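Engineer: One structure follows; several queries about it will come next.
The values are calculated or read from the model by the stated rules, or taken from the named source; none is laboratory data. Just so we're clear, the structure is a prediction, and the values are computed from it rather than from any experiment. Positions of Cβ are backbone-derived with ideal geometry, glycine not excepted, and every protein chain shown enters the neighbour counts.
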Amino acid sequence: MACRNDISPWVARYAHLVGAGDRVLDLAAGSGRHTRFFADRGLNVLAVDADIGGMMDLAGHPGVELIQTDLEDGSPWPFADEHFAAVVVCNYLHRPTLPRLSGLLTDRAVLIYETFAVGQEEIGRPRNPDFLLRPNELIVTFADALTVIGYEHGLDPGPPRAVRQRLCAVKTPTPVALRG
């Protein structure tokens, strides 16, 4: 299975923090670009999206599980007893899910999150403030439960050009080895 070239550089930068054979949750996986990336690295990936049509070629692939569920329709949280070595979220924001994400992480697990932020409405979609992170929102949300090892907020020249907020955080009280 070949990885697509549209992997988020932010995800790629911190992927080394996820160990071989670990279990990854690709939340709001879309077409499965990060599911493919982590599966190609030998990881077990649970890919979740309201529409899994763009990932159906992954059905039955060893180490990949697809779940179609709408996290915004009021259904019960589908991960009540689940834990992961990594949770990856890109281009998705549903604020009620944010406080639940750190609870999905095992010890020494990593959260890699990236989505649009305030200022994006001046450039393009999304424009609705419900889908735009406020300044420092990811830090404020996760700083008490996780150790932040990377954070950015600003204009990404792209392509595509966008205002983004990015966070990488680890569930551990001890320092993590960084790689440049």
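Engineer: Kindly establish whether Ala80 is of a type in the set (Gly, Ala, Ser), surrounded by 15 or more Cβ atoms within 10 Å (Cβ to Cβ) and either part of a strand (DSSP E or B) or modelled with pLDDT under 95 (or both).
Structural biologist: no
Engineer: Which condition breaks for Pro96 when tested against (1) of a type outside the set (S, T, N, Q); (2) surrounded by 14 or more Cβ atoms within 10 Å (Cβ to Cβ); (3) over 19 Å from Val11 (Cβ atoms)?
Structural biologist: Here Pro96 meets the rest and fails (2).
Engineer: For the range 1-53, enumerate the residues that are more than 21 Å from Pro159 (Cβ to Cβ) and among the hydroxyl-bearing types (Ser, Thr, Tyr).
Structural biologist: Once the filter is applied, which keeps residues that are more than 21 Å from Pro159 (Cβ to Cβ) and among the hydroxyl-bearing types (Ser, Thr, Tyr), the range 1-53 yields Tyr14, Thr35.
Engineer: Among the numbered conditions (1) in contact with a Lys or Arg (Cβ under 8 Å, 6 or more places away or on another chain); (2) over 22 Å from Leu133 (Cβ atoms), tell me where Gly60 comes up short.
Structural biologist: The one condition Gly60 does not meet is (1).
Engineer: Just to be sure, is Glu65 out of contact with any helix residue (DSSP H, G or I) (no Cβ under 7 Å at 6 or more places or on another chain), of a type in the set (Asp, Glu) and assigned to a strand (DSSP E or B)?
Structural biologist: Yes, satisfied.
Engineer: Another question, then. Please give the number of the condition Asp107 fails out of (1) in contact with a Leu (Cβ under 9 Å, 6 or more places away or on another chain); (2) part of a strand (DSSP E or B).
Structural biologist: Status for Asp107: all satisfied but (1).
Engineer: Ok, one more. Taking the range 151-161 on its own, how many of its residues are over 17 Å from the mean Cα position of the chain (by Cα), not in a loop (DSSP other than H, G, I, E, B) and not acidic (Asp, Glu)?
Structural biologist: Number of matching residues: 2.
Engineer: Might you check whether a residue that is out of contact with any Ser or Thr (no Cβ under 9 Å at 6 or more places or on another chain), closer than 22 Å to Cys168 by Cβ, at pLDDT below 95 and small (Gly, Ala, Ser) occurs anywhere in the range 61-73?
Structural biologist: No, the range 61-73 contains no residue that is out of contact with any Ser or Thr (no Cβ under 9 Å at 6 or more places or on another chain), closer than 22 Å to Cys168 by Cβ, at pLDDT below 95 and small (Gly, Ala, Ser).
Engineer: Something else about it: What are the residues in the range 124-151 that are loosely packed, with under 14 Cβ neighbours inside 10 Å and either among the charged types (D, E, K, R) or touching a Ser or Thr at 6+ places or on another chain (Cβ under 7 Å) (or both), if any?
Structural biologist: Result: Arg125, Arg127, Asp130, Arg134, Asp144.
Engineer: Let me ask you something else. Identify all residues within the range 12-54 that are without any contact (Cβ under 8 Å) to a residue 60 or more places away in the chain, touching a strand residue (DSSP E or B) at 6+ places or on another chain (Cβ under 6 Å) and not in a strand (DSSP E or B); write none if there are none.
Structural biologist: Those that are without any contact (Cβ under 8 Å) to a residue 60 or more places away in the chain, touching a strand residue (DSSP E or B) at 6+ places or on another chain (Cβ under 6 Å) and not in a strand (DSSP E or B): Ala29, Gly32, His34, Thr35, Phe38, Ala39, Leu43, Ile52.
Engineer: Pairs, please: C-beta under 9 Å, at least 6 apart or cross-chain, first residue at positive phi and in the range 85-98, second among the acidic types (Asp, Glu) and surrounded by 21 or more Cβ atoms within 10 Å (Cβ to Cβ)?
Structural biologist: Short answer, once both residue conditions are applied: Asn91/Glu114.
Engineer: Could you please find all residues in the range 105-114 being crowded, with 22+ Cβ neighbours inside 10 Å and not aliphatic (A, V, I, L, M)?
Structural biologist: Within the range 105-114, the subset crowded, with 22+ Cβ neighbours inside 10 Å is 105, 109-114.
Listed by number, the residues that qualify are Tyr113, Glu114.
Engineer: Considering each of Pro157, Pro99, Pro135 in turn, give the residue that is out of contact with any helix residue (DSSP H, G or I) (no Cβ under 8 Å at 6 or more places or on another chain) and at pLDDT below 95.
Structural biologist: Pro157
Engineer: What single numbered condition from (1) modelled with pLDDT under 95; (2) farther than 26 Å from Pro160 by Cα; (3) within 13 Å of the chain's Cα centre (by Cα) fails to hold for Ile7?
Structural biologist: With (1) modelled with pLDDT under 95; (2) farther than 26 Å from Pro160 by Cα; (3) within 13 Å of the chain's Cα centre (by Cα) applied to Ile7, the lone miss is (2).
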